[in-house]
Amino acid sequence: MPRSAVSHALPDFPWDSLAAAKAKAESHPDGIVNLSVGTPVDPVAPLIREALASVSEVPGYPTTHGTPELRAAAVGALARRYGVTGLHPDAVLPALGTKEMIAWLPRLLGLGPDDLVVIPEVAYPTYEVGGLLAGCRVLRADGMTRLGPESPALIFVNSPSNPTGKVLGIDHLRKTVEFARERGAIVVSDECYLGLTWEAEGYSVLDPRVCDGDHTGLLAVHSLSKTSNLASYRAGFVTGDPALVAELLEVRKHAGMIMPLPVQAAMTAALSDDDHEDEQRERYRMRREVLLGAVRDAGFTVDNSEAGLYLWATRGEPCRDTVDWFADRGILVAPGDFYGPGSGQHVRIALTGTDERIAAAAGRLQR
């Protein structure tokens, strides 16, 4: 490998460390219940599949910016579902899955070694990876007081949180936006779980109650993987500040970061229909109810977990010991140390199992 191999600057891919626990869970007589990754298990709605197929005969290149219909559907969905106003369709840009967008955002926005990227203290690993790929310094901070006099270039926020399920209130989000504008920072809000709230109301950073209707310096990242089951389609988008979106568009056009046209059509259908999303949300609500009771009955404390697709659980021991305990029962969960040095006594338990697998996990925990 060349001396400057990019992978040398990145942490080890965390899920590779679960191989032994996965093998142990797979040896269970009734099979593994894999709750380590939030991957959808329910079928894609027929109306989305039909839209995907409807343009499958089109041979030409799609546009990086996405079809006008897709961008208008995104604006409409954010207004109906989350109360976001003041968006123009030109300020919407499709992404090949939001993980890709988050990982490349600092680099696409021209950040480098002189810049500081702030990520949550307990965070999905891709925020840190995004900063490292751009050569930036990365700091974990939930409150801006930790920054002292420093002026970050970019602040990632994630509400509802992956992995903790914590929801940030309006006051917290407003203070973050105000701080960023005072220091000249961009705020990137990962809102992939905003459609899955259970015990608290979630807010977009683009909500007028948060930003006073001014999207300057703000980007919101949205995914259709969770509520529309489109993980395999790699369907997401970023929106917010028109100038920032225009810059991302220009760079992505040069780099060939183009969403396939059939996926654009599928996204348009998904964003235009709320019924399938409501049905999927209800599936997860019922699975959460079953699993939450079983995890608590097994002696665990479930922290936060007000929203999203996960339970953030602990019983006050090293997280890898807890992973092994679950694996002995044929259940694979993710260790908290995936998400930062301050979460070594928690595990993340996904709700993304079929009804049968969730029931099997609950039964094993209750025994």
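The values are calculated or read from the model by the stated rules, or taken from the named source; none is laboratory data. Not measured: the values here are computed from a predicted model. We place every Cβ from the backbone using ideal geometry, glycine too, and count neighbours over all the protein chains shown. Heads up: the accessible areas ignore ligands, DNA and RNA and are worked out on the full protein's heavy atoms, side chains in. Shrake-Rupley method; radii C 1.70, N 1.55, O 1.52, S 1.80 Å.
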### Those residues of segment 271-325 which are among the basic types (Lys, Arg) and closer than 18 Å to Val37 by Cβ, in sequence order
Arg283, Arg287, Arg288, Arg320
### Message
Could you list, ordered by first residue, the pairs with Cβ atoms under 8 Å in which the first is in segment 77-98 and closer than 14 Å to Asp241 by Cβ and the second is of a type in the set (Ser, Thr, Tyr), at least 6 apart or interchain?
### Response
Val84/Ser204; Leu87/Thr239; Ala91/Thr239; Val92/Thr239; Leu93/Thr64; Leu93/Thr239
### Yes/no for Thr352 being open to solvent by less than 10 Å² (accessible area, probe 1.4 Å), among the polar types (S, T, N, Q) and more than 19 Å from the chain's Cα centre (by Cα)
no
### Query
Do the conditions hold for Phe179, that is, is it open to solvent by less than 10 Å² (accessible area, probe 1.4 Å) and aromatic (Phe, Trp, Tyr)?
no
### Query
Given the residues Pro120, Pro106, Pro125, which is the only one that is within 19 Å of Leu173 (Cβ to Cβ) and in contact (Cβ under 8 Å) with a residue 12 or more places away in the chain?
Pro120
### Checklist (1) in the same structural domain as Ala231 (by the TED database); (2) modelled with pLDDT of 95 or more; (3) under 30 Å from Gly336 (Cβ atoms) applied to Pro125, failing item
(2)
### Task
Could you list all residues from segment 288-301 that are within 30 Å of Leu224 (Cα to Cα), open to solvent by less than 50 Å² (accessible area, probe 1.4 Å) and touching a helix residue (DSSP H, G or I) at 6+ places or on another chain (Cβ under 6 Å)?
Leu291, Ala294
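Quick grid of which residues meet (1) touching a helix residue (DSSP H, G or I) at 6+ places or on another chain (Cβ under 6 Å); (2) surrounded by 14 or more Cβ atoms within 10 Å (Cβ to Cβ):
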{"residue": "Ser7", "(1), (2)": "no, no"}
{"residue": "Asp16", "(1), (2)": "no, no"}
{"residue": "Lys24", "(1), (2)": "yes, yes"}
{"residue": "Val33", "(1), (2)": "yes, yes"}
{"residue": "Pro40", "(1), (2)": "yes, yes"}
{"residue": "Ala45", "(1), (2)": "yes, yes"}
{"residue": "Glu57", "(1), (2)": "no, no"}
{"residue": "Gly60", "(1), (2)": "no, no"}
{"residue": "Thr63", "(1), (2)": "no, yes"}
### Query
How about segment 127-139: which of its residues are closer than 15 Å to Val6 by Cα and in a helix (DSSP H, G or I)?
Glu128, Val129, Gly130, Gly131, Leu132, Leu133
### Query
Taking Val251 and the conditions (1) surrounded by fewer than 21 Cβ atoms within 10 Å (Cβ to Cβ); (2) over 17 Å from Ser159 (Cβ atoms); (3) free of Cβ contacts under 8 Å to residues at least 60 places away in the same chain; (4) not basic (Lys, Arg), which numbered condition does it fall short on, given that it satisfies the others?
(3)
### Query
Can you find even one residue in segment 90-106 that is farther than 20 Å from Gly213 by Cα, open to solvent by 60 Å² or more (accessible area, probe 1.4 Å) and more than 16 Å from the chain's Cα centre (by Cα)?
no
### Task
Scan Leu206, Leu196, Leu218 and give me the residue that is at pLDDT 95 or above and closer than 30 Å to Val333 by Cβ.
Leu196
#### Entry: Residues located in segment 196-213, provided they are open to solvent by 30 Å² or more (accessible area, probe 1.4 Å) and either over 9 Å from Val167 (Cβ atoms) or not assigned by the TED database to the domain that holds Arg81 (or both)
Trp198, Pro208, Arg209, Asp212, Gly213
### Query
When Val187 is evaluated against the numbered criteria (1) under 30 Å from Ala45 (Cα atoms); (2) open to solvent by less than 10 Å² (accessible area, probe 1.4 Å); (3) over 15 Å from the mean Cα position of the chain (by Cα); (4) not aromatic (Phe, Trp, Tyr), which criterion, by number, is the only one it fails?
(1)
### Message
Could you go through segment 218-230 and let me know if any residue there is of a type in the set (Val, Ile, Thr), under 21 Å from Thr352 (Cα atoms) and out of contact with any Phe, Trp or Tyr (no Cβ under 8 Å at 6 or more places or on another chain).
### Response
yes
### Total residues in segment 228-239, condition hydroxyl-bearing (Ser, Thr, Tyr) and open to solvent by 10 Å² or more (accessible area, probe 1.4 Å)
2
